[in-house]
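The values are calculated or read from the model by the stated rules, or taken from the named source; none is laboratory data. None of the values given here were measured: they were computed from a predicted structure. All Cβ positions, glycine included, derive from the backbone under ideal geometry; neighbour counts span all protein chains shown. SASA here: full protein model, heavy atoms, side chains in, ligands and nucleic acids out. Shrake-Rupley method; radii C 1.70, N 1.55, O 1.52, S 1.80 Å.
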Amino acid sequence: ASVKNANGKFVAGSTDGVTAAAEAAVADFPADFRQAPIINGAGDTTYPIASYTYLLVYQDQTDAAKGQSLVSFIYWALTDGQSTEPALGYAPLPATVAQQALTQLHLVTTGGAPIWP
């Protein structure tokens, strides 16, 4: 169904509409990642009901091998994996948000040492 957005335009739910909403809200994306749902963002093509999907990751991984696999997967998801998102029905992250997440990925450790230096 098409939903009326903040600009008064009716927009159908789509990855493009969610991407537009995320891009419109990127300037307000907080450093601590606690972004509220993206509701009624500005723009003619923004879908008015959108949100991010989050991963909760222990900063210190107790199993080094599992921690390495997790960090490798998240790295892929934030880089090359972004190109596969639309085919799976998800909207890619804005580049600045993906970069913020990559920066945080460097903080994941095992035994006190960074998994990805």
- Note on the structure: Charge dipole of the chain built from unit charges on the beta carbon (Lys, Arg +1; Asp, Glu -1), centred at mean Cα; most positive-end Cα among A91, T46, I74 is T46
- Task: Rounding to the nearest 20 debye, state how big the charge dipole of region 1-82 is about its Cα centre with +1 on each Lys and Arg Cβ and -1 on each Asp and Glu Cβ.
- Result: 260
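Could you work out the relative contact order of the chain, using alpha carbon pairs under 8 angstrom and six or more residues apart, expressed as a whole percent?
Computed value for the chain: 26 percent relative contact order.
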- Message: Can you give me the angle between helix 15-25 and the longest principal axis of the chain, using Cα atoms only, in degrees from 0 to 90, rounded to the nearest 10?
- Response: 80
- Item | C-alpha long axis of helix 64-78 to longest principal axis of the chain, angle in ° | 30
- In the chain, carbon and sulfur make up what percent of the accessible area (probe 1.4 Å)? 59
- Item | Accessible solvent surface per residue of the chain, calculated while the other protein chains remain in place, 1.4 angstrom probe, Å² | 62
- Message: If you take Rg/Rh (Cα atoms, Kirkwood Rh) from the coordinates, which of [x] 0.94; [y] 1.06; [z] 1.10 do you get?
- Response: [y]
- Please identify the chymotrypsin sites (Phe, Trp or Tyr not before Pro) of region 58-117 that satisfy two criteria: DSSP loop assignment and at most 13 other Cβ atoms within 10 Å. Which are they? Y58
- Task: For the chain, find the longest principal axis of its Cα atoms and tell me its angle to the long axis of helix 95-105, 0 to 90°, nearest 10.
- Result: 20
- Message: What distance in nm lies between label points placed 7 Å from Cα along the C-beta direction at A87 and T15?
- Response: 0.9
- Helix-derived [θ] at 222 nm for the chain: sum -39500 (n - 2.57) over DSSP H runs of at least 4, divide by residue count, nearest 500? -10000 deg cm²/dmol
